[in-house]
Amino acid sequence: MNRRTYLAAVGTAGIAASAGCSAVTGTQTLSDPTVHEDSPGRKALVFNSNDGEVGHVGVDGHVKSDRIELTTEIWHQDGTRVDSIELRVWMPEIATESPAEVAVAAPVEGDSSPPPSLSLSTPKRDLGTAIEITDLDDLADETISTLNLIVIPGSRTATDLNIHATIELSGGGILSTDYTLDGELQLAYPGLTDQ
């Protein structure tokens, strides 16, 4: 066989094979998480793909005086980075009449970088308060457990709390997958009516 013909054939096959590599990477939306419940006020959304657990969002809350104090944990698999976090928090019984007040109580920050960008807003078409966190820097590849929230109900009868989470993850390599984790927790704090 002619050496030049062979090299041209192998080169063409290599180019054709590598041209399809961009199709191997992609974005996968995981919007049907499993809910793990330790108690009505402590739950986690677990997001799985064919390769196992991609990430989870956990919330642990307790009633203190007239408020709910929440700690959160956002875990993601090795090789992924958190690009953004959006949490939408509302109490369904009173969401349209007298919405709950929501505050970020503990700053989200890493060891050596400036704090990420954090904003709270009231969406025009959705219920509740939206909390958006971007520019995570050195927190992007860690478990994030420094986001604490306070929710003050607008009514003494409201006991249910919903948190809708959307987490954007990017893969770390050329052939990796980016993920959108999207799900909702429904929590209950009957102790609020005792206050």
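Given the criterion of a type in the set (A, V, I, L, M) and either in contact with a helix residue (DSSP H, G or I) (Cβ under 9 Å, 6 or more places away or on another chain) or open to solvent by 40 Å² or more (accessible area, probe 1.4 Å) (or both), identify the matching residue among Leu181, Leu192, Leu127. Just a single option satisfies the conditions, and that option is Leu127. The residue that is farthest from Tyr189 (Cα to Cα), among those in the range 1-30 that are at pLDDT below 60 and surrounded by 11 or more Cβ atoms within 10 Å (Cβ to Cβ), is Ala8.
Scanning the range 45-64 for residues that are more than 24 Å from Gly172 (Cβ to Cβ) and touching a strand residue (DSSP E or B) at 6+ places or on another chain (Cβ under 7 Å) yields a total of 4. Listed by position, the strands (runs of 3 or more DSSP E) inside the range 31-71 whose residues that are surrounded by 13 or more Cβ atoms within 10 Å (Cβ to Cβ) number at least 1 are 42-49, 52-64.
Across the range 83-101, the number of residues qualifying as open to solvent by 20 Å² or more (accessible area, probe 1.4 Å) and within 18 Å of the chain's Cα centre (by Cα) comes to 5. Of the residues making up the range 165-176, those that are touching an Asp or Glu at 6+ places or on another chain (Cβ under 9 Å) and more than 16 Å from Gly128 (Cβ to Cβ) are Ile167, Glu168, Leu169, Ser170, Gly171, Gly172. Within the range 82-98, residues that are more than 18 Å from Leu118 (Cα to Cα) and touching a residue at least 40 places away in the same chain (Cβ under 8 Å) reach partners that are open to solvent by 40 Å² or more (accessible area, probe 1.4 Å) and part of a strand (DSSP E or B) with beta carbons closer than 8 Å, at six or more positions or on different chains, in the pairs Met91/Asp160; Pro92/Asp160; Glu93/Asp160.
The values are calculated or read from the model by the stated rules, or taken from the named source; none is laboratory data. Everything numeric here is computed off the predicted structure, so don't read it as measured data. Because the Cβ atoms are built from the backbone with ideal geometry, glycine has one as well, and the counts that use them run over all protein chains shown. What goes into the accessible areas is simple: the full protein's heavy atoms, side chains included, and nothing from ligands, DNA or RNA. Shrake-Rupley method; radii C 1.70, N 1.55, O 1.52, S 1.80 Å.
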